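Some notes on the structure that comes next.
The values are calculated or read from the model by the stated rules, or taken from the named source; none is laboratory data. The structure presented is a predicted model; accordingly, all values stated were derived computationally and were not measured. Note that each Cβ is placed from the backbone with ideal geometry, even for glycine, and that neighbours are counted across all protein chains shown. Remember, those area values only see protein heavy atoms, side chains included, never the ligands or the DNA or RNA. Shrake-Rupley method; radii C 1.70, N 1.55, O 1.52, S 1.80 Å.
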Amino acid sequence: QKKKLLEELGENKLPYVTPADADFHQLWKTKYSKLVFGKSDTVPEQLHQMVQEGFLTLRKHDCFFQDLVRIKGRDFVTPVSRILIGNPGYTYKYLNTRLFTVPWPTEGYDIKYCSPQIHDACKALIRLNDYLHIEAVKALQGQNLLETKEIKDTTVIDREQNCDTSLTDKGSVSKDQSSCVPEDNYISLKNRTSYNLTLLNYMDPVQMLYLKQEPYFGMGNMAVSWHHDENLVERSTVAVYSYSCEGSTVEGSSEQNQKGRDPAFWHVGLKVAWDIETPGLAIPLHQGDFYLMLDDLNLTHQHCVLAGYSPRFSSTHRVAECSRGTLEYILGQCELALQNLQTDSDSMVLSLKSLETAVIKQVEEIHNEVEFEWLRQFWFQGKRYLKCTDWWLKPMAKLEEFWKKMEIMTSLVLSEVGKEEQIEEQRKETIRCLLLVLTERQKLREEWTAR
């Protein structure tokens, strides 16, 4: 799609607007209304102070890391350094790389941090998380109020259809606002704003020898290319808090009638995905500003981050889709697989309870999942987490013990299919099933060794 779009553009660039342009607010209202912006002075000063001190603490302790990600079979080091902080045992996967949360202080969990300052930094981020959750709920409620009023004021639009598309999907403030809003809408709204982790970013543009140029609009240096955030709960809000260390060193461009964005300041860029009709937006991000991408904006639009001159931190709060991404989930999968392993009480010899193909297939697929989605993903880049906490070491040791047992289970299956008393048809079926999973395992082991 990108290649096709660039071919269509040729040497031309698409138009984009900034807040300095006369038509900026009209375009924002009509094409980007699900982007909500919060100025720094709307955030409590104490929260600013806690969070910004937290960023600097994490930086001082070398807790930000560049990730090695995989795009179309090739590995790249990200220009931005990152750390994931969130619910204990949660992970976030992007571009084939799984990040493991440094847990923020959570009741009921024994979390030992490497220093009291790192504890305070994580505590500040859960405070910010709570604040942005409330802001997101308010923003969604505000949009629903506006839409409800418009529905009441407009007779041309079919009321029933409008309720289905505009209100039902987005949640509502109260049940009595409109008779067509379902009762569970408020719960849906809350679920789509209850952030379970934040991906922190840091970059100092001065340290970067090369930054990509924004290709469609000519917006200048990009810290993060155009993308949709992945691995999120459907229609969930993404909240981003920005802290660019401007100080007195960064001043705006001296050109009086500068066109386009001021390259001295960081900006967030937005565009309608794969569209060359709608102008893009470039919005400056100053110290302590935040923005919210509501509802389906992350699906229908793409965003990028445009680098300024000063170093910048950001905290990007997400409702990660974690149905297969929590420690609780993978431990449950291991227990399910190991139900097929039994130990003789007298001889202590291990054997399999069932040789049914479906059971063997399930166990071997879980075996692959533990090895490639968890153990290798963790140890590939995982030692770096020890700069913050050793929280993940015990769970990883436990997963490794389970993995060793699954290795034994694979050997037992191979031993069984080698026995002559096996029924020929059953043996063939087991071998066919096993061969697929073992071929995949071998291929992935080679890939990970190369990485």
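Some observations on this one:
- Amide H contacts under 5 Å for Lys93: Leu99, restricted to partners 5 or more places along the chain or on a different chain, H placed in the peptide plane at 1.01 Å from N.
- Applying Stokes-Einstein at 25 °C and 0.890 mPa s to the Kirkwood radius of the chain, computed over alpha-carbon pairs, gives a translational diffusion coefficient of 98 µm² s⁻¹.
- Estimated at 0.36 nm per residue, the fully extended path between Phe37 and Ile187 surpasses their Cα-Cα distance by 51.6 nm.
- Taking amide hydrogens as placed 1.01 Å from N in the peptide plane, the amide H of Ala223 sits under 5 Å from those of Val305, Leu306, Ala307, each at least 5 positions away in sequence or on another chain.
- The distance from the alpha carbon centre of segment 40-55 to that of segment 379-406 is 33 Å, rounded to a whole number.
- Rel. contact order, % - alpha carbon contacts under 8 angstrom, at least six apart, the chain: 20 percent
- Accessible area per residue for the chain, computed on protein heavy atoms with a 1.4 Å probe, is 51 Å².
- Distance between the pseudo-spin-label points of Asn231 and Phe65 (7 Å out from Cα toward the beta carbon): 1.3 nm.
- Per DSSP, loop chymotrypsin sites (Phe, Trp or Tyr not before Pro) in segment 187-236 with at most 15 further Cβ within 10 Å: Tyr210
- Percent carbon-and-sulfur accessible area, the chain, ignoring ligands, DNA and RNA, probe 1.4 Å: 51 percent
- Percent RCO, i.e. relative contact order, over segment 327-450, from Cα pairs under 8 Å lying at least 6 residues apart: 33 percent
- Once the Cα gyration tensor of segment 336-393 is diagonalised, semi-axes √(5λ) in Å: 32, 16, 7
- Those trypsin sites (Lys or Arg not before Pro) in segment 322-417 that DSSP places in a loop and that have at most 10 other beta carbons within 10 Å: Lys353
- Mean shadow area of segment 327-450, taken as a quarter of the surface of its Cα convex hull (nm²): 9.0 nm²
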